[in-house]
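> Provided herewith is a single structure, encoded as structure tokens, for subsequent inquiry.
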Amino acid sequence: MELDYLKGVAEGLLFAGGDEGITVSELSNVLDVSLDEVRQIVDELQTDYKEQNRGLMILNANGMLSLTTKPVHSEYFKKWVIQPKPSRMSQAALETLAIIAYQQPITRTEIDEIRGVRSERPLQTLVSRMLVEECGRKETVGRPTLFRTTKEFLTFFGLSTLEELPELETSLDSEADASDVDLFFDQFPNE
């Protein structure tokens, strides 16, 4: 295959790898090329990012490659993060936040299993709004990141402690129970 084409695929894979990243070996397997060719592709991508004054770079952290923003642009990201964000949240973000609040500490995979859909975007939203934070790694295969709510979460919802969260019903057997859940979520701003 053409090198430029493989560079594009590799870049997409690095993006799709997100925070978890992807190894050179995984890239080699997916692209069906040798490790040396993958290293050449990654080197060329890194050169492209430098020479074209792009906003991204490839980070190699303990053998995991991932796309990340350049440290030289950090002042702009800090400025963006501290700008007031709209206070409305999507239903997906509220569901994810409720799961974290009641099940913390919890991994993204565990959240996904409870919701039945991927929760990466809602989780990113919650982290960017400082309602949720990383709180360590789970002692299991792959050592996935654990998430918990923050002090900002308590402040945002007017709580002193997590014990003030309303108790959840164990089942939703009736329409009344379902409306109780709707009332719970209606207390919080959403989109």
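> Scan the stretch 70-85 residue by residue and report those that are in contact (Cβ under 8 Å) with a residue 12 or more places away in the chain and either exposed (fewer than 14 other Cβ atoms within 10 Å of the Cβ) or assigned to a helix (DSSP H, G or I) (or both).
Within the stretch 70-85, His73, Val81, Lys85 meet the criteria.
> Is it the case that Leu65 is open to solvent by less than 30 Å² (accessible area, probe 1.4 Å) and not acidic (Asp, Glu)?
Answer is yes for this residue.
> Give the number of residues within the stretch 40-89 that are farther than 19 Å from Phe15 by Cβ and among the charged types (D, E, K, R).
6
> Which condition from (1) open to solvent by less than 40 Å² (accessible area, probe 1.4 Å); (2) of a type outside the set (Gly, Ala, Ser); (3) over 28 Å from Ser119 (Cβ atoms) is the one that Ile58 breaks?
(3)
> Filtering the stretch 11-36 down to residues that are among the acidic types (Asp, Glu) and over 17 Å from the mean Cα position of the chain (by Cα), which residue is least open to solvent (accessible area, probe 1.4 Å)?
Top of the filtered list is Glu11.
> Then there's this: Tell me, yes or no, whether the stretch 56-67 has at least one residue that is over 26 Å from Glu152 (Cα atoms), within 17 Å of the chain's Cα centre (by Cα) and polar (S, T, N, Q).
Looking through the stretch 56-67, at least one residue is over 26 Å from Glu152 (Cα atoms), within 17 Å of the chain's Cα centre (by Cα) and polar (S, T, N, Q).
> Then there is this: Given Asp32, Asp43, Asp36, which one is at pLDDT 90 or above and on the phi > 0 side of the Ramachandran plot?
Asp32
> Exactly one condition in (1) modelled with pLDDT under 90; (2) closer than 26 Å to Ser119 by Cβ; (3) among the polar types (S, T, N, Q) is not met by Thr23; state its number.
(1)
> Is it the case, given these coordinates, that Leu65 is in contact with a helix residue (DSSP H, G or I) (Cβ under 7 Å, 6 or more places away or on another chain) and assigned to a strand (DSSP E or B)?
Yes.
> Which residues, taken from the stretch 87-103, are free of Cβ contacts under 8 Å to residues at least 24 places away in the same chain and open to solvent by 80 Å² or more (accessible area, probe 1.4 Å)?
Once the filter is applied, which keeps residues that are free of Cβ contacts under 8 Å to residues at least 24 places away in the same chain and open to solvent by 80 Å² or more (accessible area, probe 1.4 Å), the stretch 87-103 yields only Gln103.
The values are calculated or read from the model by the stated rules, or taken from the named source; none is laboratory data. The model shown is predicted, which means the values in this text are computed figures rather than measured ones. Glycine gets a Cβ as well: all are built from the backbone with ideal geometry, and neighbour counts include every protein chain shown. All accessible areas refer to the heavy atoms of the entire protein, side chains included, with ligands and DNA or RNA removed. Shrake-Rupley method; radii C 1.70, N 1.55, O 1.52, S 1.80 Å.
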